[in-house]
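Nothing in this text is a laboratory measurement; each read-out follows from the coordinates by a stated rule. Owing to the predicted nature of the structure, the values given are computational and were not obtained by experimental measurement. Cβ coordinates were reconstructed from backbone atoms using ideal geometry, including for glycine residues, and neighbour counts include every protein chain displayed.
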Amino acid sequence: MSGKSKSRSDGKAGAGGLTHGKMPCPNCGAPLVIELAALFAGHSIDCGACGARLTINREESSSALEGLRKAQGIVDRIHGAKGG
């Protein structure tokens with residue numbers, strides 16, 4: 001993402017697995033909710049407070065995105081094992 005932040009994204013696991021994380025907007029500091037499905041699809045993240053649009057450099061972030069996909073798969077398998 002463009003901009004730097006000292007805060008970490010704290011991923012949330014819902015019934016469907018990892019669904020979103022939060023981080024501050026690098027422009028105004030307001031919390032941004034980041035939907036992982038939108039992130040994987042390459043969508044930008046818009047700040048509702050100041051209107052800043054953040055985009056993911058998919059090339060530079062490929063390792064992180066792959067890690068998130070793997071984590072999502074693990075969470076999905078765990079939820080599947082508990083449900084069946």
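Before moving on, here are some points about what is shown:
- One decimal place: the segment ALA81-SER62 gains 4.0 nm when fully extended, by the rule 0.36 nm per residue minus the C-alpha distance.
- Over segment 24-72, the fraction of Cα-Cα pairs per 10 Å bin, rounded to whole percents and listed from the shortest bin up, is 26, 49, 24, 1.
- Approximating the spin labels as points 7 Å out from Cα along Cα→Cβ, the LYS22-to-THR55 distance works out to 2.8 nm.
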